[in-house]
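Each reported figure results from applying straightforward, stated rules to the coordinates on display, with no laboratory input. Just so we're clear, the structure is a prediction, and the values are computed from it rather than from any experiment. Note: ideal-geometry Cβ built from the backbone for every residue, glycine included; neighbour counts use all protein chains shown.
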Amino acid sequence: ILGALGRLKKPNLKRKIRHRAVSVVHALGGRLPNLVEVLDLAVDARNFFVHGSKTKFVSDDALHSNMHFLTEALEFVFALSDLHEANWPIANLTRNGTIQSHPFGSFLAGYDGELTELKKGLPSNHHLNQSTAPAPT
């Protein structure tokens, strides 16, 4: 109880990750629909493995088959948000195309297909919105 009280008014893991995602989502425009929700599902998956919390996936197989994508989404956002803070022009990733030889390009090229597969693993009553992150501050 004391630990929970100490965490009041502090950002939780989802909020911390969303904060990092804001600059990436806005720099890349609409190229990565549902990225914030994908990251939320990645945190849910992490919580499942660490704490045994419920997930939004239909089955354990659906969760496990999407783990690679969820992990890559987290890596992508954390790496690009660091580069963005260092004033690296991350918007160029979508302008110049890719030969998929770099993890960033590979993630971008496969995103739509992976997102489609992820949606198949969610219950029929859970729909990903076409949302974006809040505007950067």
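Structure notes:
- Of every Cα-Cα pair in the chain, the percent that sits beyond 21 Å: 44
- The peptide list 66-73, 19-26, put in order of mean Cβ contacts within 10 Å with the highest first, becomes 19-26, 66-73.
- LYS119/TRP88 FRET efficiency (R0 25 Å; Cβ-Cβ; nearest 0.05): 0.20
- Net length gained if the chain between LYS54 and SER101 were fully extended (0.36 nm per residue, minus Cα distance): 13.3 nm
- Across LEU80, LEU122, LEU13, mean-square fluctuation computed from a Gaussian network of the chain (C-alpha pairs under 10 Å connected) peaks at LEU13.
- Note that segment 56-70 has calculated 3J(HN,Hα) couplings of 8, 7, 5, 9, 5, 4, 5, 5, 5, 6, 9, 4, 4, 5, 4 Hz, one per residue in order, obtained from phi through the Karplus relation 6.51 cos²θ - 1.76 cosθ + 1.60 (θ = phi - 60°); glycine and proline are x.
- Potential lengthening of the chain between LEU5 and ASP112 amounts to 34.5 nm, from the contour at 0.36 nm per residue minus the alpha-carbon distance.
- Helix-only mean residue ellipticity at 222 nm for the chain, each DSSP H run of n ≥ 4 adding -39500 (n - 2.57), per residue, nearest 500: -20500 deg cm²/dmol
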